[in-house]
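Working notes, beginning with the structure itself.
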Amino acid sequence: SHGETGLLLQPLLEGENYGAATEDGTQCPSVSRNSPAKRDWLVVAVLCFGNLINFMDWCIVPGILLDIQKYFGLSDEKTGLLQTVFTLCYMLAAPIFGYLGDRYNRKIILGAGIFFWSSVTLGTSFIPESHYRIFVLSRGLVGIGTASYSTIAPTIIADLFEEGRRTTVLSMFYIFIPLGSGCGYMLAAGMAKSTGDWHWALRVTPCLGGLALLLLILLVPHRIQRRTAAHRALSISGAIRGADEKPDVYSTAKTTWCQDVGSLAKNCSFVWSSLGLTAMAFITGALGMWVPVFLYRAQVVQGIVPPCLQDSCNLSNSLIFGGITIGTGILGVIVGAEAARRLRKINYKADPLICATSMFISALCLYTALMVAQTNILSTFIFIAFGELFLSVNWAVVTDILLYVVTPKRQSTAIALQILVSHLLGDAGSPYLIGVISNAIQARNAPSLQWSFWSMQYSFVICAFVGVFGGGFFLLTSFYIEEDRKEAER
């Protein structure tokens with residue numbers, strides 16, 4: 001049973017690392033050795049809190065985008081560039097952190113990343129309106145800091161739990177993507193409204209980042225035993241096939257980064273699921289950046305809210321969208337993980353098929369939301385909520401696909417490459433692309449509030465088509481998944 005396998009795995013996975021002495025003789029932070037499960041969950045709790053802060057920082061700027069756009073006097077194109085620079089820097093840093101995470105102490109890398117991105121975010125809040133380029137640069141630096149976290153934290157969770165429980169724990173970890181994103185929107189809009197100054201929205205998350213860093217130092221062990229191919233075989237079959245390794249000495253050191261990448265490029269399940277994730281990232285990036293602005297323009301056209309020309313902008317859409325992101329994100333991740341757990345027993349291809357189905361439904365919901373926006377805001381919110389719900393179904397499932405079709409010694413590199421590809425072709429460009437198309441449409445027509453809305457509406461249609469392509473990529477994944485899984489087990 002999974003329970004018995006977990007008991008067998010505990011000494012293999014933990015070795016002497018929890019509470020072990022470091023090289024200088026000092027004692028590493030640890031929890032009582034009599035409760036191995038408790039200390040694992042404590043580590044997960046700290047990593048989840050860090051993920052919450054990570055994604056709050058992602059969405060602080062989109063949450064106050066109307067105010068930022070007015071403060072710096074930006075066109076749609078220049079506004080979209082903010083998130084694009086952030087994501088490009090995040091994406092380019094990810095493979096570097098993946099390489100370091102496979103070879104060096106992961107706790108130190110995580111701690112340095114949290115400190116760096118929190119410090120830069122705090123500094124961003126003091127940039128004057130004449131220095132827009134410095135504001136853009138600072139968002140890029142925050143992206144570099146957050147890349148360290150997203151690349152390395154999931155591999156620690158993968159090393160702490162056997163496969164039966166790993167999907168559940170990863171689901172918990174990934175619930176904090178929508179939770180953090182939604183909290184980012186709501187915190188940004190709430191702070192801007194209560195203080196009358198949007199800069200204060202950028203001064204809260206650095207304080208929370210400091211707390212996350214303190215918890216990481218105190219509660220996460222200095223070394224966590226890396227799971228080997230033998231451990232993975234044990235977790236899947238329930239039979240011991242290999243002995244334990246010494247901490248931080250394992251077979252990844254024998255392969256070069258180029259060899260790892262070459263092996264991953266031949267893994268069809270990894271390639272197609274990464275392209276499916278890219279489509280998800282494209283849609284998520286565009287929605288996350290522009291939906292509050294799109295809804296605001298729709299309400300202006302309908303006469304529900306006045307145009308924000310002088311006073312502080314109405315940020316109620318950011319609050320509502322933040323709430324939708326939290327609710328649909330949590331529900332979607334739970335439903336996705338539970339559906340995968342049940343359907344895997346019936347069909348080995350269940351994971352990619354779940355992802356494909358949810359992508360097709362999400363694309364339909366988002367297209368409908370765009371078409372009804374000018375006449376009915378409530379219907380728009382409802383269809384956006386369903387679109388986000390079906391997108392969220394896939395987050396934990398996609399990561400779990402990677403973790404069982406890629407051999408453990410290449411997982412950090414695989415996650416880093418997946419981040420690189422999904423952001424390079426996905427949400428690195430989508431906010432900017434939407435802004436460019438919107439600007440081009442506005443330039444061809446007389447300036448008006450109506451065309452300001454229509455330009456954003458027409459730009460967003462591309463997201464629905466990308467969603468259909470994403471569903472197709474996940475269908476292709478289902479053709480190869482069984483073979484690649486068996487190869488990873490070997």
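Among the β-branched types (Val, Ile, Thr) and more than 21 Å from Thr375 (Cα to Cα): is that true of Val301 in this structure? It is false that Val301 is among the β-branched types (Val, Ile, Thr) and more than 21 Å from Thr375 (Cα to Cα).
When the stretch 194-210 is filtered for residues that are surrounded by fewer than 18 Cβ atoms within 10 Å (Cβ to Cβ) and in a helix (DSSP H, G or I), the ones remaining, listed by number, are Ser194, Thr195, His199, Trp200, Arg203, Cys207, Gly210.
When the residues of the stretch 165-181 are narrowed to those that are more than 13 Å from Arg341 (Cα to Cα) and modelled with pLDDT under 80, which ends up surrounded by the most Cβ atoms within 10 Å (Cβ to Cβ)? The extreme case among them is Tyr174. Of all residues in the stretch 272-290, which are of a type outside the set (S, T, N, Q) and within 15 Å of Leu433 (Cβ to Cβ)? If the condition is that a residue be of a type outside the set (S, T, N, Q) and within 15 Å of Leu433 (Cβ to Cβ), then Ala279, Ala281, Phe282, Ile283, Gly285, Ala286, Leu287, Gly288, Met289, Trp290 are the ones that fit. Residues in the stretch 13-67 that are modelled with pLDDT under 85, open to solvent by 10 Å² or more (accessible area, probe 1.4 Å) and in contact with a Leu (Cβ under 8 Å, 6 or more places away or on another chain): Pro29, Val31. Across the stretch 68-88, the number of residues qualifying as more than 24 Å from Asp197 (Cβ to Cβ) and open to solvent by 40 Å² or more (accessible area, probe 1.4 Å) comes to 2.
For (1) assigned to a loop (DSSP other than H, G, I, E, B); (2) modelled with pLDDT of 90 or more, each residue gets a yes or a no:
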position: Leu287; (1), (2): no, yes
position: Phe294; (1), (2): no, yes
position: Ala298; (1), (2): no, yes
position: Cys308; (1), (2): yes, no
position: Asp311; (1), (2): yes, no
position: Asn314; (1), (2): yes, no
position: Glu338; (1), (2): no, no
position: Lys345; (1), (2): yes, no
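Can Pro95 be described as modelled with pLDDT under 85 and open to solvent by 10 Å² or more (accessible area, probe 1.4 Å)? Yes; evaluated as a whole, the condition is true for this residue. Restricting Thr328, Thr357, Thr278 to residues that are out of contact with any helix residue (DSSP H, G or I) (no Cβ under 6 Å at 6 or more places or on another chain) and surrounded by fewer than 24 Cβ atoms within 10 Å (Cβ to Cβ) narrows the list to Thr357.
When Phe469 is tested against the conditions (1) open to solvent by less than 30 Å² (accessible area, probe 1.4 Å); (2) under 22 Å from the mean Cα position of the chain (by Cα), the lone failure is (1). Taken together, the residues in the stretch 457-466 that are open to solvent by 70 Å² or more (accessible area, probe 1.4 Å) and in contact (Cβ under 8 Å) with a residue 40 or more places away in the chain amount to 1.
Residue-by-condition table, conditions (1) touching a His at 6+ places or on another chain (Cβ under 9 Å); (2) touching a residue at least 24 places away in the same chain (Cβ under 8 Å); (3) of a type in the set (Phe, Trp, Tyr); (4) farther than 19 Å from Gln374 by Cα:
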{"position": "Ile415", "(1), (2), (3), (4)": "no, yes, no, yes"}
{"position": "Ile419", "(1), (2), (3), (4)": "no, yes, no, yes"}
{"position": "His423", "(1), (2), (3), (4)": "no, yes, no, yes"}
{"position": "Tyr432", "(1), (2), (3), (4)": "no, yes, yes, yes"}
{"position": "Gln442", "(1), (2), (3), (4)": "no, yes, no, no"}
{"position": "Ser448", "(1), (2), (3), (4)": "no, no, no, no"}
{"position": "Ser455", "(1), (2), (3), (4)": "no, yes, no, no"}
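Within the stretch 294-304, does at least one residue satisfy the condition of being hydroxyl-bearing (Ser, Thr, Tyr) and under 19 Å from the mean Cα position of the chain (by Cα)? Scanning the stretch 294-304, I find no residue that is hydroxyl-bearing (Ser, Thr, Tyr) and under 19 Å from the mean Cα position of the chain (by Cα), so the answer is no. For Ser130, state whether it is without any contact (Cβ under 8 Å) to a residue 60 or more places away in the chain and open to solvent by 20 Å² or more (accessible area, probe 1.4 Å). Yes. For the stretch 98-125, filtered to residues that are open to solvent by 40 Å² or more (accessible area, probe 1.4 Å) and hydroxyl-bearing (Ser, Thr, Tyr), the residue that is nearest to the chain's Cα centre (by Cα) is Tyr99. Scanning the stretch 362-388 for residues that are buried (at least 24 other Cβ atoms within 10 Å of the Cβ) and closer than 19 Å to Leu331 by Cα gives Ser362, Ala363, Leu366, Ile384, Gly387, Glu388. Taking the criterion of being in contact (Cβ under 8 Å) with a residue 60 or more places away in the chain, open to solvent by 50 Å² or more (accessible area, probe 1.4 Å) and more than 19 Å from Leu52 (Cβ to Cβ), the residues of the stretch 331-351 that qualify are Arg341, Tyr348, Lys349. Note on the stretch 402-453: among residues that are open to solvent by less than 10 Å² (accessible area, probe 1.4 Å) and not in a helix (DSSP H, G or I), the one that is nearest to Val293 (Cα to Cα) is Ala428.
Can you spot a residue in the stretch 211-226 that is loosely packed, with under 14 Cβ neighbours inside 10 Å, assigned to a loop (DSSP other than H, G, I, E, B), touching a Gly at 6+ places or on another chain (Cβ under 8 Å) and modelled with pLDDT under 85? There is no residue in the stretch 211-226 that is loosely packed, with under 14 Cβ neighbours inside 10 Å, assigned to a loop (DSSP other than H, G, I, E, B), touching a Gly at 6+ places or on another chain (Cβ under 8 Å) and modelled with pLDDT under 85. For the stretch 470-482, state whether one or more residues are touching a Cys at 6+ places or on another chain (Cβ under 6 Å) and either more than 27 Å from Leu331 (Cβ to Cβ) or aliphatic (A, V, I, L, M) (or both). Checked the stretch 470-482: at least one residue is touching a Cys at 6+ places or on another chain (Cβ under 6 Å) and either more than 27 Å from Leu331 (Cβ to Cβ) or aliphatic (A, V, I, L, M) (or both). The conditions of being small (Gly, Ala, Ser) and either touching a Pro at 6+ places or on another chain (Cβ under 9 Å) or in contact (Cβ under 8 Å) with a residue 40 or more places away in the chain (or both) are met by Ala396. Of the helices (runs of 4 or more DSSP H) lying entirely inside the stretch 27-139, the ones with 2 or more residues being of a type in the set (S, T, N, Q) are found at 36-63, 76-103, 106-124.
The values are calculated or read from the model by the stated rules, or taken from the named source; none is laboratory data. Remember, predicted model here, so these are calculated numbers, not experimental data. Note: ideal-geometry Cβ built from the backbone for every residue, glycine included; neighbour counts use all protein chains shown. SASA here: full protein model, heavy atoms, side chains in, ligands and nucleic acids out. Shrake-Rupley method; radii C 1.70, N 1.55, O 1.52, S 1.80 Å.
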